[in-house]
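The values are calculated or read from the model by the stated rules, or taken from the named source; none is laboratory data. All values derive from a computational prediction rather than experimental measurement. Heads up, the Cβs are rebuilt from the backbone with ideal geometry, glycines too, and the neighbour counts pull from every protein chain shown. When the accessible area is computed, the model is the full protein with side chains, heavy atoms only, and any ligands, DNA or RNA have been set aside. Shrake-Rupley method; radii C 1.70, N 1.55, O 1.52, S 1.80 Å.
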Amino acid sequence: YHDQNGPIKAIMSVSDDHEIQLLLDSWKEVIYALETHLETIAYTWDRTEELCSESTTTTTSTDVVDEILLCISQLYKNIATISSKYRDVLQFDDGDFESDEEAIAERHLDWAIAAKRAGIMNDCVNAHVKRMKELPDLVHTDAVRLLGVHREERDGNITVEEITNTGLFETQLVTRGVDGCSYIVHIPAENAIQLGRRTANIFANANYTLQKCTEILQHALSSQNDESSSKYNPKRIYSANSFFNHRREVFAICDELKHDDNIKILALLFLFGVSLNETQVEAALGRDNVQVLFESGLLTTNQVDKTKVLGAVQIYPMSTDTFEGKGKHRSRPVYIMTDWSLESLRLPKNAIMSIGYDSLELVALAAGVDVFSPTTASSNNSRVLDICCGCGIQGIFSAKRSRSWAG
């Protein structure tokens with residue numbers, strides 16, 4: 001793979017569909033092996049001091065990493081190039097899928113990921129669109145993959161917009177501190193504050209709580225006729241990632257939605273990541289509330305089907321007294337916004353990681369609960385320094401319970 005064009009030249013004349021698919025699969029396996037090797041190298045670097053103390057001949061170089069990354073990059077370019085050339089024959093079913101449509105959709109997902117890694121955004125978007133046409137349910141359950149995507153009508157070029165400094169995310173610069181020790185910070189603009197209050201009222205009036213959202217998930221899982229029905233625990237606190245990972249099971253019960261199911265509509269849009277018909281959303285929430293969600297930047301249009309809308313961010317509702325034991329009063333939940341855990345075309349460096357179980361475990365510790373050892377006493381009178389704050393969930397909960405907090 002040091003030869004940038006060698007692999008491509010060698011197979012551009014291949015006409016056997018089966019061989020093409022085998023080749024693409026083999027490249028995926030090589031990428032996986034190289035990425036696994038990178039993890040091994042990273043582990044070795046973590047032990048650099050220990051290794052150097054054991055042997056004076058041990059050296060570490062970035063040359064190997066650079067070479068591996070170059071190979072991975074070239075393999076992704078190869079997959080993207082071949083997938084684009086043979087897009088009409090990506091139908092090889094290796095038996096891992098229940099239908100040809102699922103196999104084709106999986107091939108297009110491989111193509112989309114490879115095209116993104118290779119920086120070929122038009123191919124990436126086209127692959128996602130074709131995949132959703134093969135399996136129409138994906139227009140509802142995977143639409144977040146195309147968040148921020150806009151196609152120019154004049155030339156068809158693709159642009160990807162980040163979440164901008166508008167709506168609920170609008171900020172202004174202010175100077176804090178005293179003379180000789182001043183600094184500039186971003187704070188919410190007045191318009192953002194007003195939009196935030198109006199938006200919070202929409203969720204509060206719908207009783208958008210963790211308990212209600214959990215009930216929706218539990219109903220969806222219990223309605224399944226397969227092993228999914230045994231996946232849930234009524235007492236479990238689900239992470240944001242877990243809600244999103246169950247979006248397909250929840251989408252399966254969308255036919256049961258009523259015109260006034262505002263809590264279910266909000267949960268589907270902003271917790272499960274399901275795209276819904278805009279008329280259905282308006283019927284449940286009201287046109288004025290839908291307009292507020294659009295103005296705030298929380299609601300956006302589905303780029304594959306313009307009649308549908310989806311949540312631009314994931315919103316996880318959680319009360320600050322969630323882990324404080326049975327019988328405790330449940331305060332009004334905090335609505336914590338993050339990006340979706342499913343990769344989109346937006347820049348990863350700008351993403352706010354969604355809330356996983358590691359975040360919830362830290363929140364529990366701040367409440368004096370050790371989820372790994374419930375019998376272990378834990379103090380909630382500590383001082384907390386939150387580094388790499390992310391969505392701020394640790395800071396919000398620590399501010400209530402700790403003697404002092406900084407993030």
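Taking label positions 7 Å along the Cα-Cβ direction at both residue 66 and residue 332, the computed distance is 5.6 nm, reported to one decimal. Using the Cβ-Cβ distance between residue 223 and residue 173 with R0 = 60 Å, the FRET efficiency computed as 1/(1 + (r/R0)^6) comes to roughly 0.75. Compactness ratio for segment 172-295: Cα radius of gyration over 2.2 N^0.38 Å (N = residue count) comes to 1.39. Each label was represented as a point 7 Å from its Cα along the Cα-to-Cβ direction; for residue 349 and residue 101 these points are 4.1 nm apart.
Placing dummy labels 7 Å off each Cα toward the beta-carbon, the span from residue 36 to residue 288 is 5.9 nm. Accessible surface comparison of 150, 259, probe 1.4 Å, protein chains only, largest first: the order is 259, 150.
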